[in-house]
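In what follows, a structure is listed as structure tokens, so that the remarks can point back to it.
The values are calculated or read from the model by the stated rules, or taken from the named source; none is laboratory data. Because the structure is a prediction, the values reported are computed rather than measured. Heads up, the Cβs are rebuilt from the backbone with ideal geometry, glycines too, and the neighbour counts pull from every protein chain shown. What goes into the accessible areas is simple: the full protein's heavy atoms, side chains included, and nothing from ligands, DNA or RNA. Shrake-Rupley method; radii C 1.70, N 1.55, O 1.52, S 1.80 Å.
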Amino acid sequence: MTARLKTLLEPFLARRIALFGLIVVGVMIFAAIFAPLIAPYDPLAIDSLARLSPPTAEHWFGTDHFGRDTLSRVIHGSRLALIIGVGVVSFALLTGVPAGVASAMFPRVGAVVMRGVDVLMAFPALLLALGLIVILGQSVANAIVAIGVVYLTTTARIAYGVCLRLKAEAYVMAARSLGVGTLQTVLRHILPNMISPLLVQASFVFAFAQLGAASLDFLGLGAPPETPSWGNMLAESRIYITRAPWLLFFPGAMIILTAFSLNLVGDALRDRLDPRYRAVLGASRKN
Amino acid sequence: MNDFRSWIRRGFVAAVAVAGVSAQAAAEGTLNYATIGEPPSLDVQVGTASIASTISQHMFETLYAFDSSYEPQPLLAASEQVEDDGRTLVISLRTGVPFHNGQEMTAEDVVASLQRWAEHGSRGKLLFKEGAMVEATGSHEVTLTLPEPNGAWKNLLAFPNGGPVIYPASAVGAAGAEPLAVEQYIGTGPYKFNEWRPNRYVELVRFDDYAAVDAATDGYAGARVAELDALRFIPVADVGTRVAGLQAGDYDYAEFIPGDLFDSLDGDSNVVIHRNGAPIFGLVFFNSKAGILKENRQLRQAIQVALNKEEALRISIGPESLWDANGSFYPKSSVWYSDAGVSAFSEGNPEKAKQMAEEAGYDGTPIKLLVSTNYQFHYDQATVFTRQLAEAGINVQLIVVDWATLLKKRGEEGEWDMFFTHHGTVPDPVLITVLNDSYPGWWTTAESQEIKAALTGTADVEARRVAWADLQQLIYEQVPAIKTGDVYSYHIASPDLKNIGDSTVIWPHFWGVSK
Amino acid sequence: MGRYLMQRLGAAVTTMAAASVIIFFFIHLIPGDPLYVLLGDGSTPEQAEALRAKMGLDRPIYVQYVTWLTNVLAGDFGQSIFFQAPVLEVIADGAETSILLASITAVWVILLGVPIGMVSAVRHGSWLDQGLSGTAMLLASIPTFWVGLYLILVFAAWLGWLPSSGYPSIFEDGGLANLRHLLLPSIALAAPNAALILRLTRASMLDVAREDFVRTARAKGLPGWRIVVHHIFRNAVLTVISAFGFTFAALISEAVVTETVFALPGIGRLVVQSILRRDFPVIQGVILITVALYLVINLLVDLTYRWLDARVELE
């Protein structure tokens, strides 16, 4: 077990900055889970007498125009960041991988499905997400779907590319010529070998999902505005940029830190990756 | 294909023309006005957006206009005669008033405009009820025949927002229900339409042949003198940008600045604060047609009791000089002011509310409150109210949508229990949307219908005032809607603008203003 | 080449056709009513219905689609519901801003991304490389609107050096000097994209450096910089060009937010506003044109790629 853990951590031990990324992600998950215990105030508690306070001993990150404590809201915001990240990654993997694998295994399916992916990719990502959210209505779940659709396409392309390469590998060909069924082949030979490239893709998707969600929030079309997400905090405070510049600093810094850390993690994982898959990953990025 | 060619050609011509004169500085006499956004159609007969009224009042005129104390005075009308106990109104028009296309305004144009307003105008039905008609009884005389006297008739003819502005008969003939095309923006006002470039500006230029009323300027009434060469209305949705742009001299006037910037702007010598003369107020409508609040008057009252509107105003607006926790639907200075019922305005008593809700049989079912974020103070106040109601054990579910969705959704009775909007000060209570039977909320109780009839059925001012006070009292008892308090929005102007006054009447206007 | 071109064009046309269906039908699934936005809060349902019939918006959706598509093919994108003006005219008005913003941004991206990426690759493994790569990674993680707001705060509000927002056309008063309005937005927009190009340049140069022909050149004793310029850079350019296709898509996406922050009269803001106003014809027009542009640019990128490097196999 420890040996396995060591192999997992190896890319991070070799590169300090990647380790930093991993730690930040760990702290964020911790904060998200224990938010109500760590946060000094109720993130929704209104105090009309303490509006727009600068950072003080009582309110380390200051307060917004409702008099709500920014630190507590930032801590609670990590919950939403985690939900969005995990949600978008799951959505992208659960839809993109089957689509990509099926396309690779059955060229006829691929002709249709990958064409569909091409069509979706022709839409600017944010506009696609915006359109979906307006159609579906504003909620956290719908924000996940709207952003997830954008990464469905890239994930499907990667799964397709990797799967095609694997399909051509000698041992898979051999297994197939021995009469092993397609489902068996996929489950036994293909999916296990896709885990590493998909893990890389997952960490990048997690990172970009943060930025995508923040943009949607900023345009007022992301998570419902009463939700304390970092993007919503920025959107609500933007008119106070000259009067209370610190209001935008902390939530913004959290978005950057999260996305940066996940990018570092993804980068470290990618460098350890078989070069054959690296090309597939590189060609399919989009934000 | 034609379209395609024409815009290319137009763009090319414009580019060449503009490039040729770009060496010249901006005309001295152009006023740059930063608006909160792109106006919808400027055809104010059919639309009621404030921004459209602000712009179009410089182009289009009504038969009457309000003076600074909100009394209607003749504008395109010269005089009137009221006959048959107020059922027949004979209005003679001023002669020699040209439209921007050069034609003289006659009774024919007025009849065509009023007929279109009666049929398709936003507020036309308030005056032109079933059986009412208008006809030309001379080259410069029109006669309105009403089935019942209408005490509000002159106010209704003077209110341009969704109101009866006068267009040439040729322009309205083709339009019908559809907003006028920009080529048909022809009026009698001191400025005429020049150009609308989407996302960039709407430009009006001075109308040199304008025929002014022979009376001193007073509010919207009296002479309207165009001193400036042109007015440019530029959409600048971001507030920070409007402020920074005005301070930098890019704009001469910027509208709707949030309260939290008031204190810093108040001391800035580059900025003149121009306060709105009349307040606007938030209104939370209750669904009288469906849902949990439909007939549960006691639960409505419980909600009313739970709310502390002062707290909501302080949070959503900021400086105390910009809001007033006033329960009356009219400010103290108005002839319509009354304190009937206002003791129930802002009790902020969660315990009492909790008890009332229990007595009303409330079981914790979520109450759906529809609100949009397009107007920041709607959302801010709704957020505060949600907290306050939670303290009284009343469970509010905020449904946050954009304005377009809200306008659609509120028409669907099953979708909401309360919705948030706002209302401007109107010169006559009949214009208040709470009294409108078909406005979502649908307040049509027997008591309300009776008093509404008393309010319109007479021309006697004193009787009408009493009827309105009774109605206000009834609003606080039956709670068809909740007024959330007066908000004095303000705009900022460059100190170079002369003769602009301290405050607006309702919408900022720029005749008489120079720079 | 000709056959390949025909194939690609065919694919592009199918994609466009599919996109047109998606655009039209999905957009009409958006709840909310453009007519209420147009008429305002005080309008009556009867008024809205009368107007709907007059504008032909009460016809069945597929009839509207066919009418729309027929007109689009004839070059008529319809009338904007909100502006009461031809859609093409509305879009053309925003095009100048968007095209200039994208161009200036692209200049930043190439000017910063490619040389720094090369330096990083040449010095790869050094502290300089790690610092530059790390910075690039950080820049790619910053929301453009956040940078934009702080750029406005510092350079417009505090220092007063640059305008905070808006953009008067270069054909209007001020002429080319008006371009300074686009300086801050283009910097905000360039940051993440330059970072992306930097990383791509670096990665592709390193990949090429490992290839045999470079090793051979090195073994032959050619000087380091000649190898870099002649062999490695030429090949790295290919990667950068191929990256431009999707950078363009990212530019459009991010421009939506950037134009909102800086109140620029561009197409990005137009489309967001049109979504909020439910101005369906404008949304359809903008997206259709964007998709078409995306396809054309990607086609051009592929053709350039092929032209520059005959060795590249094209499907």
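Kindly evaluate A:Leu22 against the criterion of being open to solvent by 20 Å² or more (accessible area, probe 1.4 Å), aliphatic (A, V, I, L, M), in a helix (DSSP H, G or I) and in contact (Cβ under 8 Å) with a residue 60 or more places away in the chain. For A:Leu22, the condition - open to solvent by 20 Å² or more (accessible area, probe 1.4 Å), aliphatic (A, V, I, L, M), in a helix (DSSP H, G or I) and in contact (Cβ under 8 Å) with a residue 60 or more places away in the chain - is met.
Residues that are under 23 Å from A:Val89 (Cβ atoms), in contact with a Gly (Cβ under 6 Å, 6 or more places away or on another chain) and open to solvent by 20 Å² or more (accessible area, probe 1.4 Å) within region A:217-256 comprise just one, A:Pro228. Looking across region B:184-209 at every residue that is within 14 Å of chain C (Cβ to nearest Cβ) and free of Cβ contacts under 8 Å to residues at least 12 places away in the same chain, the one that is surrounded by the fewest Cβ atoms within 10 Å (Cβ to Cβ) is identified as B:Glu195. Does B:Asp417 satisfy the criteria of being more than 14 Å from every other protein chain (Cβ to nearest Cβ), acidic (Asp, Glu) and touching a residue at least 40 places away in the same chain (Cβ under 8 Å)? Considered against the rule, which asks whether it is more than 14 Å from every other protein chain (Cβ to nearest Cβ), acidic (Asp, Glu) and touching a residue at least 40 places away in the same chain (Cβ under 8 Å), B:Asp417 comes out as yes.
Residue-by-condition table, conditions (1) over 30 Å from C:Arg52 (Cβ atoms); (2) in a loop (DSSP other than H, G, I, E, B):
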| residue | (1), (2) |
| --- | --- |
| B:Trp117 | no, no |
| B:Ser122 | no, yes |
| B:Gly131 | no, yes |
| B:Val134 | no, no |
| B:Thr137 | yes, no |
| B:Val142 | yes, no |
| B:Pro147 | no, yes |
| B:Gly151 | yes, yes |
| B:Leu156 | no, no |
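The selection criterion, being away from chain C (no Cβ under 14 Å), within 30 Å of B:Gly318 (Cα to Cα) and surrounded by fewer than 23 Cβ atoms within 10 Å (Cβ to Cβ), does not hold for B:Leu431.
In this structure, B:Leu299 does not qualify as closer than 24 Å to B:Gly485 by Cα, within 14 Å of another protein chain (Cβ to nearest Cβ) and aliphatic (A, V, I, L, M). Step by step: first the residues of region C:17-32, then only those that are open to solvent by less than 50 Å² (accessible area, probe 1.4 Å) and more than 16 Å from C:Gln273 (Cβ to Cβ), then the one that is farthest from the other protein chains (Cβ to nearest Cβ). Which residue is that? Going through the qualifying residues, I end up with C:Phe24. Looking at the structure I just gave you, is C:Asp93 over 29 Å from C:His181 (Cβ atoms) and not basic (Lys, Arg)? Taking the combined requirement at face value, the residue does not satisfy it.
For region C:137-172, the set of residues classified as at pLDDT 90 or above, of a type in the set (Ser, Thr, Tyr) and not in a helix (DSSP H, G or I) consists of C:Ser141 only. Scanning region B:96-149 for residues that are among the hydroxyl-bearing types (Ser, Thr, Tyr) and within 16 Å of B:Pro168 (Cβ to Cβ) returns B:Thr106, B:Ser113, B:Ser139.
From the set of residues in region A:103-129 that are among the small types (Gly, Ala, Ser) and surrounded by fewer than 19 Cβ atoms within 10 Å (Cβ to Cβ), which is farthest from C:Leu288 (Cα to Cα)? Filtering region A:103-129 for residues that are among the small types (Gly, Ala, Ser) and surrounded by fewer than 19 Cβ atoms within 10 Å (Cβ to Cβ), the one farthest from C:Leu288 (Cα to Cα) comes out as A:Ala111.
For the criterion of being at pLDDT below 90, more than 8 Å from chain C (Cβ to nearest Cβ), more than 30 Å from B:Leu369 (Cα to Cα) and surrounded by 22 or more Cβ atoms within 10 Å (Cβ to Cβ), A:Gly266 passes.
Looking only at region A:133-155, count how many residues are open to solvent by 30 Å² or more (accessible area, probe 1.4 Å) and either in contact with an Asp or Glu (Cβ under 6 Å, 6 or more places away or on another chain) or assigned to a helix (DSSP H, G or I) (or both). Count: 7. The single condition from (1) open to solvent by less than 30 Å² (accessible area, probe 1.4 Å); (2) without any contact (Cβ under 8 Å) to a residue 24 or more places away in the chain that A:Ala259 fails is (2). The numbered conditions (1) open to solvent by less than 10 Å² (accessible area, probe 1.4 Å); (2) touching an Asp or Glu at 6+ places or on another chain (Cβ under 7 Å); (3) over 24 Å from B:Leu407 (Cα atoms); (4) not acidic (Asp, Glu) are all true for B:Leu307 except (2).
From the list B:Ala174, B:Ala212, B:Ala181, B:Ala216, the one residue that fits, being over 24 Å from the mean Cα position of the chain (by Cα) and within 14 Å of chain C (Cβ to nearest Cβ), is B:Ala174. The listed residues are B:Ile482, B:Ile492, and the only one of them that is open to solvent by less than 30 Å² (accessible area, probe 1.4 Å), in contact with a His (Cβ under 7 Å, 6 or more places away or on another chain) and farther than 30 Å from B:Pro147 by Cβ turns out to be B:Ile492. Here C:Ser242, C:Ser274, C:Ser253 are screened, and the one residue that is among the polar types (S, T, N, Q), buried (at least 24 other Cβ atoms within 10 Å of the Cβ) and touching a residue at least 12 places away in the same chain (Cβ under 8 Å) is C:Ser274. Any idea which residue in region B:227-272 is surrounded by the fewest Cβ atoms within 10 Å (Cβ to Cβ), counting only those that are modelled with pLDDT under 80 and under 21 Å from the mean Cα position of the chain (by Cα)? Only one residue fits best here, namely B:Ala237.
The set of residues from region A:205-216 being open to solvent by 10 Å² or more (accessible area, probe 1.4 Å) and within 11 Å of chain C (Cβ to nearest Cβ) comprises A:Phe208, A:Gln210, A:Leu211, A:Gly212, A:Ala213, A:Ser215.
Would you confirm, using the coordinates I've provided, whether C:Val114 is β-branched (Val, Ile, Thr), assigned to a helix (DSSP H, G or I), open to solvent by less than 40 Å² (accessible area, probe 1.4 Å) and touching a residue at least 40 places away in the same chain (Cβ under 8 Å)? Considered against the rule, which asks whether it is β-branched (Val, Ile, Thr), assigned to a helix (DSSP H, G or I), open to solvent by less than 40 Å² (accessible area, probe 1.4 Å) and touching a residue at least 40 places away in the same chain (Cβ under 8 Å), C:Val114 comes out as yes.
Going through (1) over 23 Å from the mean Cα position of the chain (by Cα); (2) away from chain A (no Cβ under 13 Å); (3) not in a loop (DSSP other than H, G, I, E, B) one by one, C:Pro185 falls short only on (1). Criterion applied to B:Ser41, B:Ser69, B:Ser92 was being touching a Gly at 6+ places or on another chain (Cβ under 8 Å), assigned to a strand (DSSP E or B) and either closer than 20 Å to B:Pro168 by Cα or touching a residue at least 40 places away in the same chain (Cβ under 8 Å) (or both), and the one residue passing it is B:Ser92. A single entry from A:Ile158, A:Ile195 fulfils the requirement of being of a type in the set (Val, Ile, Thr) and open to solvent by 10 Å² or more (accessible area, probe 1.4 Å): A:Ile195.
Screening the candidates C:Asp76, C:Asp33, C:Asp41 for the property of being closer than 30 Å to B:Gly441 by Cα and touching a strand residue (DSSP E or B) at 6+ places or on another chain (Cβ under 8 Å) yields one hit, C:Asp41. Mind checking whether some residue in region C:171-179 is within 13 Å of chain A (Cβ to nearest Cβ) and in contact with a Leu (Cβ under 9 Å, 6 or more places away or on another chain)? No, the conditions are met nowhere in region C:171-179.
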